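Heads up, the thing below is written out as structure tokens.
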Amino acid sequence: MSTHRPNGSLYTSIQNSIATIEFGHPASNSFVIDLLDRLTKELHKISENKDVAVIILKSEGEKAFCAGASFDELVAVSTPEEGHRFFSGFANVINAMRTCKKPIIGRIQGKSVGGGVGLIAACDYVYAVEAAAIKLSEITIGIAPLVIAPAVERKIGKSGLAELAFAPTEWKNAYWAKEKGLFSKVFETISEMDKELGFFSQKLASYNINALEEMKNVLWEGTAHWDTLLIERAKRTGKLALSPYTKAALEKFKK
């Protein structure tokens, strides 16, 4: 079932040392600023929970995993400060995922666009279904995926990032994403994915929690500067969002 709440929903359940964080929004599981803030705080909280060894990040429903940032809030941006605040939401979530002490497993049941692809890239291991195509559509409206670029590049390299960013209307399928290293496993159906994800997460959670944390630290070496880099990228993206090109493009989409 999907939420009907305009600010979205966020639920966490903890069982057998596994924390499952589930987010949702009526607009294809997109993120309003409030929901991004709540997810950031939840990740920080779970990071310090000694009873948790592994996190599963998932979204509601059986269709889209995440449609990125809220279109309605993007349209409403009218000042550089508002733009900076708006795009800092994903910057804060990605940094919270990066610094979280627990390995984060992404469970991707459908398509992802823009910031949704950034969330996937910030996961440490990713289970997906064949229907989980991805796209970075930002350039079509005059902005660029600057905030999520470091996370995406870290997983699929500059060439893969270029393939996505400069072909903003083209969907890349799940096997392309797996070949590039964004997805770890791809399954035909959601039920098959969930069955295997259950086995995998239980096994992973049974290992030495300190070893899991140390391994995660190694995976994210060299990214400490993201605390400032992603926020600076948010400021640059916010300025692009105020350009005449972007305002005109957003008006077309509204119609």
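The values are calculated or read from the model by the stated rules, or taken from the named source; none is laboratory data. Just so it is clear, the structure is predicted and the values come from calculations on it, not from any experiment. Cβ sites come from the backbone with ideal geometry, for glycine too, and all protein chains shown count toward neighbours. Calculation scope for accessible area: heavy atoms of the full protein, side chains included, ligands and nucleic acids excluded. Shrake-Rupley method; radii C 1.70, N 1.55, O 1.52, S 1.80 Å.
Annotation note: Cβ proximity below 6 Å between a residue of segment 118-137 that is more than 20 Å from A205 (Cβ to Cβ) and a residue that is part of a loop (DSSP other than H, G, I, E, B) and among the aromatic types (F, W, Y) (sequence gap 6+ or interchain) occurs for A128/F183; A133/W171; K135/W171. Of the listed requirements (1) of a type in the set (V, I, T); (2) open to solvent by 30 Å² or more (accessible area, probe 1.4 Å); (3) assigned to a helix (DSSP H, G or I); (4) in contact with a helix residue (DSSP H, G or I) (Cβ under 8 Å, 6 or more places away or on another chain), I156 misses just one: (2). Looking only at residues in segment 39-73 that are basic (K, R) and closer than 19 Å to C123 by Cβ, the one that is least open to solvent (accessible area, probe 1.4 Å) is K58.
Per-residue answers, yes or no, for (1) hydroxyl-bearing (S, T, Y); (2) open to solvent by 50 Å² or more (accessible area, probe 1.4 Å); (3) under 28 Å from I56 (Cβ atoms):
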residue: F199; (1), (2), (3): no, yes, yes
residue: N217; (1), (2), (3): no, yes, yes
residue: G222; (1), (2), (3): no, yes, yes
residue: W226; (1), (2), (3): no, no, yes
residue: S243; (1), (2), (3): yes, no, no
residue: L250; (1), (2), (3): no, no, no
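Close Cβ contacts (under 6 Å, 6 or more residues apart or on different chains) running from residues in segment 51-80 that are touching a residue at least 60 places away in the same chain (Cβ under 8 Å) and in a strand (DSSP E or B) to residues that are open to solvent by less than 60 Å² (accessible area, probe 1.4 Å) and aliphatic (A, V, I, L, M) comprise V54/I18; V54/L204; V54/A205; I56/I105; L57/I21; L57/I104.
Cβ-Cβ distances below 8 Å connect the following pairs, each with a first residue in segment 208-235 that is under 21 Å from K50 (Cβ atoms), a second residue that is among the polar types (S, T, N, Q) and open to solvent by less than 50 Å² (accessible area, probe 1.4 Å), and a separation of six or more residues or different chains: I209/S17.
Residues in segment 25-50 that are among the hydroxyl-bearing types (S, T, Y) and either in contact with a Lys or Arg (Cβ under 6 Å, 6 or more places away or on another chain) or free of Cβ contacts under 8 Å to residues at least 24 places away in the same chain (or both): S47 alone.
Of L250, L204, all but one fail to be modelled with pLDDT of 95 or more and assigned to a helix (DSSP H, G or I); the exception is L204.
Remark: G142 falls outside the filter, which requires a residue to be of a type outside the set (A, V, I, L, M, F, W, C), open to solvent by less than 10 Å² (accessible area, probe 1.4 Å) and farther than 23 Å from V54 by Cβ. Of everything in segment 161-175 that is in contact with a strand residue (DSSP E or B) (Cβ under 9 Å, 6 or more places away or on another chain) and free of Cβ contacts under 8 Å to residues at least 24 places away in the same chain, the residue that is surrounded by the fewest Cβ atoms within 10 Å (Cβ to Cβ) is A167.
Against the criterion of being under 30 Å from S17 (Cβ atoms) and among the β-branched types (V, I, T), T189 qualifies.
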